[in-house]
Amino acid sequence: MSTAFEEGHANRYISFAGIMHELFMSITTRMMFRRGAGAHNQDFHKTMIEVSSSDFFFIEEFFPLLKPLDLSGRIKKLKLAAEKYYEVMESIIDDRLKEKTNSKSYNEEDFLDVLLAMSDFTRDQLKYLLLDIIIGGTDTSSNTIVWAMTELLRHPNIMERLQSELDDVIGKERLVEEADLQKLEYLQAVVKETLRLHPIGVLAPHCSMEATKVAGYDIPANTRVTLNLYAIGRDPKVWENPLKFDPSRFLNSPIDVKGQHYEVLPFGSGRRRCPGMNLALVSVSYTLAQLVHACSISLPEGLTHLDVDVEEKFGISVGRRNPLNLLITRRLPSDVYRKAGLNVIGQ
Ligand code: HEM
């Protein structure tokens, strides 16, 4: 928030997707390695952007004979990014092992400590597991916030209703706290509606372990079965006016996004459902609440809500195709931020 305010104070627009990506990369790597990616941060960040922005679907996946030809050159690109990731990760693991032999101790364990204590993981397994969580936890959450903000900017009446809820429940004398989230019904509805209309993992590929029947179709064992989560949330047989962003459809509705209601499955369902779902729901709702409550957010001069587009860029997760540059300034009295330990410049 401090960075955004600094830029806003200087009347500079920030790339909203960029700042959200950095925030969630930092949250995820702090959970994994305690101090973010530490000294490796620059390299790490660049490498992760390369890995996570790589294309997800390769024609070669469906025609394996084409693999050695790598017609698009994308396999080579992905392999290079993966090699760089493994190199950076090797040095992070080495540093941690050195710290351990030097008996440097910290009060709190991070995910890497826990994994290293489970001696049955190989180095490669450690690297794959950490990669899975960094990719799973970063762009998914940051892109969800970017889509929520996109829809709020496109619908000033919805933004206003959310802001009023936040002002009524929190007031203007303090920032939102995690404990407030359960009282913010409309905020929860905005997050659910964002996940319905913009599920970040569009397709969830699975494999049948045994022969089964689904909706009258025979599915042999070992068949690739891909769920189209995007189409499920926009099904006109289930959702009235499915393309309309309307959070109120989730108010007083028993339908939730946690995998029990097949009308909307942004995190998948069952045993392979997203393991980060609860963390994601809290961190996305909390970040969005802070942004809408504590920040004044404006589009570049001359643009109105009608100019905000929803063009998508498909990758491992689906983000905006076009940049969303915003001017972010303080919305609350400056001592509110100071009390919360935020560095704010200007009055
Ligand atoms: C709004 C944010 C998020 C969304 C929409 C999302 C969505 C999904 C989806 C659709 C899947 C595939 C489920 C399936 O195959 O049926 C998945 C898997 C996964 N997610 Fe998330 N996710 C989010 C945040 C997170 C976070 C914060 C983490 C971890 C910190 C995470 C870690 C993972 C992992 C490790 C998998 C793979 C699980 C497996 O292969 O069994 N995700 N996520």
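In this structure, residue 47 does not qualify as hydroxyl-bearing (Ser, Thr, Tyr), modelled with pLDDT under 85 and surrounded by fewer than 18 Cβ atoms within 10 Å (Cβ to Cβ). Taking region 96-113 as the range and being in a helix (DSSP H, G or I) and open to solvent by 60 Å² or more (accessible area, probe 1.4 Å) as the test, the residues that pass are 97, 98, 100, 101, 111. When restricted to residues that are more than 10 Å from the ligand (Cβ to nearest atom) and either open to solvent by 70 Å² or more (accessible area, probe 1.4 Å) or within 18 Å of residue 16 (Cα to Cα) (or both), region 123-147 contains 5. Candidates in region 250-264 are the residues that are open to solvent by 20 Å² or more (accessible area, probe 1.4 Å) and within 19 Å of the chain's Cα centre (by Cα); of these, the one that is nearest to the ligand (Cβ to nearest atom) is 258. Taking first residues from region 234-249 that are open to solvent by less than 40 Å² (accessible area, probe 1.4 Å) and partners that are part of a loop (DSSP other than H, G, I, E, B) and of a type in the set (Lys, Arg), the Cβ contacts under 7 Å between residues at least 6 apart in sequence or on separate chains come to 242/234. If you check 245, 267 for being within 21 Å of the chain's Cα centre (by Cα) and away from the ligand (no atom under 12 Å from the Cβ), only one passes: 245. Every residue in region 60-95 that is open to solvent by less than 100 Å² (accessible area, probe 1.4 Å) and among the aromatic types (Phe, Trp, Tyr), please. Selection gives 85, 86.
Per the listing 167, 218, the residue uniquely of a type in the set (D, E, K, R), touching a residue at least 24 places away in the same chain (Cβ under 8 Å) and away from the ligand (no atom under 15 Å from the Cβ) is 167.
The values are calculated or read from the model by the stated rules, or taken from the named source; none is laboratory data. The structure displayed is predicted, hence computed values, not measured ones. All Cβ positions, glycine included, derive from the backbone under ideal geometry; neighbour counts span all protein chains shown. In case anyone asks, the SASA skips ligands and DNA or RNA and just uses the protein heavy atoms, side chains included. Shrake-Rupley method; radii C 1.70, N 1.55, O 1.52, S 1.80 Å.
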